[in-house]
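K.L.:
Provided herewith is a single structure, encoded as structure tokens, for subsequent inquiry.
The values are calculated or read from the model by the stated rules, or taken from the named source; none is laboratory data. Every value quoted in this text rests on a predicted model; they were computed, and no experiment measured them. All Cβ positions, even for glycine, are placed from backbone atoms using ideal geometry, and neighbour counts span all protein chains on display. Keep in mind that these areas ignore ligands, DNA and RNA; they rest on the heavy atoms of the full protein, side chains included. Shrake-Rupley method; radii C 1.70, N 1.55, O 1.52, S 1.80 Å.
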Amino acid sequence: MGDMTNSDFYAKNQRNEGSHAGGFGCSLMDLRTLMELRGNDAIVKIQEDYGDVEGLCKRLKTSPTEGLAGVATDLDKRKETFGRNLIPPKKPKTFLQLVWEALQDVTLIILEIAAIISLGLSFYQPPGEGNEACGAAAGGVEDEGESEAGWIEGAAILLSVVCVVLVTAFNDWSKEKQFRGLQSRIEQEQKFQVVRGGQVIQLPVADIVVGDIAQVKYGDLLPADGILIQGNDLKIDESSLTGESDHVRKAPDRDPMLLSGTHVMEGSGRVLVTAVGVNSQTGIIFTLLGASGEEEEKKEKKGEAVENGQQTTGKMQDGNLENSQTKAVKKQDGAAAMEMQPLKSAEGGESDEKEKKKVNVSKKEKSVLQGKLTKLAVQIGKAGLVMSAITVIILVLYFCIDNFVVLKRPWLPECTPIYIQYFVKFFIIGVTVLVVAVPEGLPLAVTISLAYSVKKMMKDNNLVRHLDACETMGNATAICSDKTGTLTTNRMTAVQLYVADVHYKEIPDPSVLPPKTLEILINAISINSAYTTKILPPDKEGGLPKQVGNKTECGLLGLVLDLKRDYQPIRDQMPEEKLYKVYTFNSVRKSMSTVIKLPDGSFRMYSKGASEILLKKCSRILNETGEAKLFRPRDRDEMVKKVIEPMACDGLRTIGVAYRDFSASPEPDWENEADILTDLTGICVVGIEDPVRPEVPAAIQKCQRAGITVRMVTGDNINTARAIAIKCGIIHPGEDFLCIDGKEFNRRIRNEKGEVEQERIDKVWPKLRVLARSSPTDKHTLVKGIIDSTMVEQRQVVAVTGDGTNDGPALKKADVGFAMGIAGTDVAKEASDIILTDDNFSSIVKAVMWGRNVYDSISKFLQFQLTVNVVAVIVAFTGACITQDSPLKAVQMLWVNLIMDTFASLALATEPPTESLLMRKPYGRNKPLISSTMTKNILGHGVYQLVIIFTLLFVGENIFDIDSGRNAPLHAPPSEHYTIIFNTFVMMQLFNEINARKIHGERNVFNGIFRNPIFCTIVLGTFAVQIIIVQFGGKPFSCSPLDLDKWMWCVFLGVGELLWGQVISTIPNSRLKFLKGAGQLTEKDEVPEEEMNEDNEEIDHAERELRRGQILWFRGLNRIQTQIRVVNAFRSSLYEGLEKPDSRTSIHNFMTHPEFRIEDSQPHIPLIDDTDAEEDPTLRKNSSQPSSPNKNNNAIDSGINLTTDTSKSAASSSPGSPLHSLETSL
């Protein structure tokens, strides 16, 4: 491997070798100290210790050109000596920890306490057993056997608590496991180019070892620390480590140190890997942050090593001291930088990002859905608490009054335990009410639904990195997509060529071209392209040749092959090391140039790039004989018209190729790009076709039907972009839309000072469909502009696709960022939320479908859950108040809670999505979770169930001719009566679960039920378990077995739910005025204010007062408005020509002022719905006025908008106007 070339140097260093580990010429510590240095210090150190980088390569037994041989034993030895390239992730929480966390739930704790008290009391035998004086209290304890069974209730409650905890813990555990699985998939997908045995291969990042020669290029995330051997124009973004946002230029003779976790922003190069895993800079920082456990020992070791270092190298002593200090400083900086910007370790991993995520879970702003749910759960919980407290109080009071006041019994000390036992029973009933009221299943349903969707989305080529991205996607209203590779196949083929003054519509035969031109053209393409770009023979016979590397370059290399020549011999003749200077492609230059030294010592530069940009720099062009002739601006304009535009209108990308010769003697200043990249000689213009993916037009049509606007943002020429957009169906001829390029876009959105103004963006984005020749900042500006826009009443939710490094900011800014899995750079993947593993636009549509499905699944579950809650709470409450004993016992309630919550969430959350999800517009961010249809269903079914249960409770014994179960003594055996109630209740829930499958009021609730096997299994399973509980549950479940006849009645009453569901869906929503605002959202907090539905029945007087107050408010506003309108009418004659855009910021400030926060605590009563408006005709007029940009029928909004808008636009025209003062006083 060329080890012998420098044999004397090698022999000289031989003596150190013995002391070094594993027979390598330097130890782990040497390399670590080396990697701490930067810039010049590093170069000096390398020269002093190793001679040069090649010397270091020899010590590490590797070759700068061939790389490692790739022998397994050697690789293992390296991993052993220098460590592996991974940072050990934190240990996952154990199952027991998760159980412990699940036990922290307040309701469960209350239940446990109640159960333990109940258990304790059942074992306590009070002395005054047969004492008559205790009266009614002791009546229940007739026979010994019954009082023995008193412990069962407590035990059963404990058992059910255990069940709940285990289910929750298991769920968390599987979620964690899934997440880790996902993470490891992302890690395995990250590969890196390494040279081994002279071949460039793609290796998983974890397999990179010290001594590997890695090839880095634009867009890479460096996976390990290394030293640059050879680089072209390499610029690195080290902000993740140093916090410096400027890109750092790297060169072997200036600053060769490359650090893991930094991003390559430009250029390419070859790197000798010197530190991996925990020894790399990122690894060291993670160790400092305590990401890996062996922190302490390492520090001690390091201390010793530093001391040894000082003893051995006498001359380096002071250097080393200083070095260890700088090291400490650097590390602190690093740690600080880490805090500022959570850096993902490049070690293939976001293993550590998970820890970040765990830490940040609380800080990260909740997704819309989670926000809505949390609020809902809290409100329901509060209502439940109130209900349960009332229940307990009523029971206790009733008992005391009945016993001690009405029957005038004294409180006897020996009866105390019995009384206490009663109180405990009341307490347990109260807790049961609470347990039923709180929907513990909500978080569970969300988790299951998201986890299930994420798992299934993998099959649809969506690799979800952040769980909530999945649900946000369902609300997306706009998609800004790249063109290349997303909408098109990203298989570039050259189809047209303009060369030697002729425009060929297909690739010509090489014999018709001037040989001189052909020669230059072939060289220009072969040399001036990344050598990693290749065209390989197809995998299977008759397939298309495989394109590797940059696709545009592949198209050009394909042109070389079409011209019956080969690029490989030319590259072999001029290997990469011999290239004199390379200006790599970046988004500013939009061109790439390579300088080579010709045999006579002069230089030649080949350039290629976007045709109109490159032709601007050409002053000559090769004519039909291959001679250079003058190329004037007017020739160029003609060429643009005659060649470039026709090509672009066929949807082709146009690439110009040119060259320039420089003399040898005054060597040009290569750093001064402006002088180098001018005065070129044009060779040809190539039209490259990138065909639209066949499935894209259909996918885009689906998006448009679903209310999602697709916009194309591309770096291509505007004509090309427009042609492709028409092919895709993004724009249809004859529509009113904008296709503009970056220049025009910036002209329209910036004011005279060059600042971006939201108002100006608002004029552009609604019609914008294609943005061509856009820079990354344009993309970011557009996304930000759409998201911040207040023109439309719903905030826009924007998804963005991106593949390049420069798309990072836009991907981060967007609500959902999609990165390309194949073409995407690591930087883009880091910034994204979802990775499209097949780079295909139609996968985005799948993501939308899944996102909407998550939302619907949760709504389905809510509809089911709330019905049960409302019914169970009312039954328990009224039952307890009237008959002193809840008809549904604690254990039964827990069972209902378990089946309802856990299983129903499983069953309803795993409904597969259907195409019909794409037929509706997206829900807004402020749409209530519970739509009016759902409110109708919840209330409707609640009424049905309550009627049935109360009928059974109060006249059931007569209907079925059985003993009444009411007013049973304390430890009475379970009655058939109450068993029938319990059983009917569960049956009704089971059949209502089928009703809950549809939330938009569809008729056929069985539609597609067999597509969801989980659902069917759960319904049947629950049914089976219910039979077992009723027939064999006995005392613990307070059930007594029923005969077939009674069972049939229970099932029959359950089936009634399905029929009743049809009746409900017949009632039109418009008939039920009071449902209008159920669960409406205030714009301020974008979270639903959902009150317990029981409170829907009556409106108390305070509420009336409140509303009257609001009405006065509006009258006041109305007056002001009329005055303003009058003033405005006068003004408008003056300001006829001046159209001021309405600035709507004022309303927001106005709404957020605490004094003006209009109390809106019960929004399910529409603030001013039609009934109210009758009282006040002026209001009616006001609310129907169309001038309000908010189209809610919310009079508050319209009122305030009108006033502030008009006053604002008036006031802005002349600040001194009286209106100005009016507005401020407002």
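K.L.:
Using the structure shown, decide if MET988 is within 23 Å of LEU434 (Cβ to Cβ), in contact with an Asp or Glu (Cβ under 6 Å, 6 or more places away or on another chain) and not polar (S, T, N, Q). Don't jump to the end; show me each part of the working.
P.N.:
Working: within 23 Å of LEU434 (Cβ to Cβ): yes; in contact with an Asp or Glu (Cβ under 6 Å, 6 or more places away or on another chain): yes; not polar (S, T, N, Q): yes.
Yes.
K.L.:
Could you list all residues from region 498-517 that are without any contact (Cβ under 8 Å) to a residue 12 or more places away in the chain and crowded, with 17+ Cβ neighbours inside 10 Å?
P.N.:
The answer is TYR504, and nothing else.
K.L.:
While we're looking at this one, here's another question. Inside region 71-90, can you point out the residues that are crowded, with 16+ Cβ neighbours inside 10 Å and in a loop (DSSP other than H, G, I, E, B)?
P.N.:
Residues satisfying the conditions are GLY83, ARG84, ASN85, LEU86, ILE87, PRO88, PRO89.
K.L.:
Still on this structure, I have one more. Could you grab me the full set of residues in region 817-841 that are in contact with a His (Cβ under 9 Å, 6 or more places away or on another chain) and of a type outside the set (Ser, Thr, Tyr)?
P.N.:
Residues satisfying the conditions are ASP826, VAL827, GLU830, ASP833, ILE834.
Conditions (1) free of Cβ contacts under 8 Å to residues at least 60 places away in the same chain; (2) of a type in the set (Ser, Thr, Tyr); (3) crowded, with 16+ Cβ neighbours inside 10 Å; (4) under 28 Å from ILE201 (Cα atoms), marked per residue:
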site: ASP539; (1), (2), (3), (4): yes, no, no, yes
site: GLY543; (1), (2), (3), (4): yes, no, no, yes
site: LYS546; (1), (2), (3), (4): yes, no, no, yes
site: TYR567; (1), (2), (3), (4): yes, yes, yes, yes
site: PHE603; (1), (2), (3), (4): no, no, yes, no
site: CYS618; (1), (2), (3), (4): no, no, yes, no
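K.L.:
If you don't mind, there's one more thing I want to ask. Among the residues of region 569-601, which ones are among the hydrophobic types (A, V, I, L, M, F, W, C) and either part of a helix (DSSP H, G or I) or crowded, with 16+ Cβ neighbours inside 10 Å (or both)? Walk me through it before giving the result.
P.N.:
So in region 569-601, the residues among the hydrophobic types (A, V, I, L, M, F, W, C) come out as 570, 574, 579, 582, 585, 588, 592, 595-596, 598.
Answer for region 569-601, where residues must be among the hydrophobic types (A, V, I, L, M, F, W, C) and either part of a helix (DSSP H, G or I) or crowded, with 16+ Cβ neighbours inside 10 Å (or both): ILE570, MET574, LEU579, VAL582, PHE585, MET592, VAL595, ILE596.
K.L.:
Looking at PHE864, PHE877 in this structure, which one is open to solvent by less than 10 Å² (accessible area, probe 1.4 Å), in contact with a helix residue (DSSP H, G or I) (Cβ under 7 Å, 6 or more places away or on another chain) and either within 30 Å of SER932 (Cβ to Cβ) or touching a residue at least 24 places away in the same chain (Cβ under 8 Å) (or both)?
P.N.:
Working: PHE877 fails: open to solvent by less than 10 Å² (accessible area, probe 1.4 Å).
Result: PHE864 is the single residue among PHE864, PHE877 that is open to solvent by less than 10 Å² (accessible area, probe 1.4 Å), in contact with a helix residue (DSSP H, G or I) (Cβ under 7 Å, 6 or more places away or on another chain) and either within 30 Å of SER932 (Cβ to Cβ) or touching a residue at least 24 places away in the same chain (Cβ under 8 Å) (or both).
K.L.:
Based on what the data block shows, is LEU1044 hydrophobic (A, V, I, L, M, F, W, C), in contact (Cβ under 8 Å) with a residue 12 or more places away in the chain and either out of contact with any Cys (no Cβ under 9 Å at 6 or more places or on another chain) or farther than 25 Å from MET893 by Cβ (or both)? Break it down into steps so the answer makes sense when it comes.
P.N.:
Working: hydrophobic (A, V, I, L, M, F, W, C): yes; in contact (Cβ under 8 Å) with a residue 12 or more places away in the chain: no; either out of contact with any Cys (no Cβ under 9 Å at 6 or more places or on another chain) or farther than 25 Å from MET893 by Cβ (or both): yes.
For LEU1044, the condition - hydrophobic (A, V, I, L, M, F, W, C), in contact (Cβ under 8 Å) with a residue 12 or more places away in the chain and either out of contact with any Cys (no Cβ under 9 Å at 6 or more places or on another chain) or farther than 25 Å from MET893 by Cβ (or both) - is not met.
K.L.:
If I filter region 235-244 for residues that are under 21 Å from ALA206 (Cα atoms), assigned to a loop (DSSP other than H, G, I, E, B), at pLDDT below 85 and open to solvent by less than 30 Å² (accessible area, probe 1.4 Å), do I get at least one hit?
P.N.:
no
K.L.:
Let me ask something additional. Quick check, is THR678 polar (S, T, N, Q) and farther than 22 Å from LEU513 by Cα? Before the answer, list the steps.
P.N.:
Numbers: polar (S, T, N, Q): yes; farther than 22 Å from LEU513 by Cα: yes.
Spelling it out, THR678 is indeed polar (S, T, N, Q) and farther than 22 Å from LEU513 by Cα.
K.L.:
So which of TYR504, TYR452 ends up being among the aromatic types (Phe, Trp, Tyr) and closer than 22 Å to ARG653 by Cβ? Talk me through it step by step, then tell me what you get.
P.N.:
Numbers: TYR452 fails: closer than 22 Å to ARG653 by Cβ.
Going through TYR504, TYR452 in turn, the sole match is TYR504.
K.L.:
Something else: Could you grab the pairs with beta carbons closer than 6 Å, sequence gap of 6+ or different chains, first residue in region 578-595 and closer than 16 Å to ASP669 by Cα, second one at pLDDT 85 or above and outside any strand (DSSP E or B)?
P.N.:
LYS581/TRP670; THR594/ILE527; THR594/ASN528; THR594/LEU579; VAL595/TYR580
K.L.:
Does ASP788 fit the bill of being surrounded by 22 or more Cβ atoms within 10 Å (Cβ to Cβ) and among the acidic types (Asp, Glu)? Give the derivation first.
P.N.:
Details: surrounded by 22 or more Cβ atoms within 10 Å (Cβ to Cβ): no; among the acidic types (Asp, Glu): yes.
So ASP788 fails the test.
K.L.:
Can you spot a residue in region 844-854 that is among the charged types (D, E, K, R), in contact (Cβ under 8 Å) with a residue 60 or more places away in the chain and touching a strand residue (DSSP E or B) at 6+ places or on another chain (Cβ under 7 Å)? Break it down stepwise before answering.
P.N.:
As a first pass, look at region 844-854 and keep what is among the charged types (D, E, K, R): 846, 852.
Subsequent filtering for residues that are in contact (Cβ under 8 Å) with a residue 60 or more places away in the chain retains 846, 852.
Pick out the ones that are also touching a strand residue (DSSP E or B) at 6+ places or on another chain (Cβ under 7 Å) and you get 846.
Yes, region 844-854 contains a residue that is among the charged types (D, E, K, R), in contact (Cβ under 8 Å) with a residue 60 or more places away in the chain and touching a strand residue (DSSP E or B) at 6+ places or on another chain (Cβ under 7 Å).
K.L.:
Checking the condition at pLDDT 90 or above, more than 25 Å from GLU957 (Cα to Cα) and open to solvent by 20 Å² or more (accessible area, probe 1.4 Å), which residue from LEU1072, LEU1059 passes? Break it down into steps so the answer makes sense when it comes.
P.N.:
Values: LEU1072 fails: at pLDDT 90 or above.
It is LEU1059.
K.L.:
Failed condition for ILE229, given (1) closer than 22 Å to ILE46 by Cα; (2) under 28 Å from the mean Cα position of the chain (by Cα), with all others met?
P.N.:
(2)
K.L.:
Looking only at region 903-934, count every residue that is out of contact with any His (no Cβ under 8 Å at 6 or more places or on another chain), assigned to a helix (DSSP H, G or I), open to solvent by 20 Å² or more (accessible area, probe 1.4 Å) and not aliphatic (A, V, I, L, M) and tell me the total.
P.N.:
Of the residues in region 903-934, 4 are out of contact with any His (no Cβ under 8 Å at 6 or more places or on another chain), assigned to a helix (DSSP H, G or I), open to solvent by 20 Å² or more (accessible area, probe 1.4 Å) and not aliphatic (A, V, I, L, M).
K.L.:
Just give me the residues in region 992-1022 being more than 22 Å from VAL870 (Cα to Cα) and assigned to a helix (DSSP H, G or I), in sequence order.
P.N.:
Listed by number, the residues that qualify are ILE1009, PHE1010, ARG1011, PRO1013, ILE1014, PHE1015, CYS1016, THR1017, ILE1018, LEU1020, GLY1021.
K.L.:
Are any of the residues in region 748-765 under 27 Å from THR552 (Cβ atoms), touching a Ser or Thr at 6+ places or on another chain (Cβ under 8 Å), open to solvent by 10 Å² or more (accessible area, probe 1.4 Å) and assigned to a helix (DSSP H, G or I)?
P.N.:
Within region 748-765, the first condition is being under 27 Å from THR552 (Cβ atoms), and the residues that meet it are none.
No, region 748-765 contains no residue that is under 27 Å from THR552 (Cβ atoms), touching a Ser or Thr at 6+ places or on another chain (Cβ under 8 Å), open to solvent by 10 Å² or more (accessible area, probe 1.4 Å) and assigned to a helix (DSSP H, G or I).
K.L.:
One residue is enough: does region 663-672 have a residue meeting the conditions touching a residue at least 12 places away in the same chain (Cβ under 8 Å), open to solvent by 10 Å² or more (accessible area, probe 1.4 Å), part of a helix (DSSP H, G or I) and small (Gly, Ala, Ser)?
P.N.:
The answer is no; no qualifying residue exists.
K.L.:
Could you list, in sequence order, the residues of region 636-645 that are without any contact (Cβ under 8 Å) to a residue 24 or more places away in the chain and either surrounded by 15 or more Cβ atoms within 10 Å (Cβ to Cβ) or under 47 Å from the mean Cα position of the chain (by Cα) (or both)? I'd like the intermediate steps shown before the answer.
P.N.:
From region 636-645, those without any contact (Cβ under 8 Å) to a residue 24 or more places away in the chain are 636-638, 641; that's our starting set.
Passing the criteria: ARG636, ASP637, LYS641.
K.L.:
Taking region 394-412 as the region of interest, how many residues are free of Cβ contacts under 8 Å to residues at least 12 places away in the same chain and loosely packed, with under 13 Cβ neighbours inside 10 Å?
P.N.:
6
K.L.:
A further question follows. Can you pull out every residue in region 692-732 that is open to solvent by 30 Å² or more (accessible area, probe 1.4 Å) and hydroxyl-bearing (Ser, Thr, Tyr)?
P.N.:
Answer for region 692-732, where residues must be open to solvent by 30 Å² or more (accessible area, probe 1.4 Å) and hydroxyl-bearing (Ser, Thr, Tyr): just THR709.
K.L.:
Test THR654 against the stated conditions and say whether it is open to solvent by less than 20 Å² (accessible area, probe 1.4 Å) and either touching a residue at least 12 places away in the same chain (Cβ under 8 Å) or acidic (Asp, Glu) (or both).
P.N.:
On the way: open to solvent by less than 20 Å² (accessible area, probe 1.4 Å): yes; either touching a residue at least 12 places away in the same chain (Cβ under 8 Å) or acidic (Asp, Glu) (or both): yes.
Answer is yes for this residue.
K.L.:
Further question: Of the numbered conditions (1) open to solvent by 30 Å² or more (accessible area, probe 1.4 Å); (2) at negative phi; (3) acidic (Asp, Glu), GLU957 fails exactly one; give the number of that condition.
P.N.:
Against the list (1) open to solvent by 30 Å² or more (accessible area, probe 1.4 Å); (2) at negative phi; (3) acidic (Asp, Glu), GLU957 comes up short only on (1).
K.L.:
Looking only at region 17-45, which residues are open to solvent by 50 Å² or more (accessible area, probe 1.4 Å) and at pLDDT below 50?
P.N.:
GLY18, SER19
K.L.:
On to the next question. I need the full set of residues from region 258-271 which are hydrophobic (A, V, I, L, M, F, W, C), assigned to a strand (DSSP E or B) and surrounded by fewer than 24 Cβ atoms within 10 Å (Cβ to Cβ), in order please. Talk me through it step by step, then tell me what you get.
P.N.:
So the first thing to find is which residues in region 258-271 are hydrophobic (A, V, I, L, M, F, W, C), and the list is 258-259, 264-265, 271.
Those left that are additionally assigned to a strand (DSSP E or B): 258, 264-265, 271.
Of everything in region 258-271, just one residue is hydrophobic (A, V, I, L, M, F, W, C), assigned to a strand (DSSP E or B) and surrounded by fewer than 24 Cβ atoms within 10 Å (Cβ to Cβ), namely MET265.
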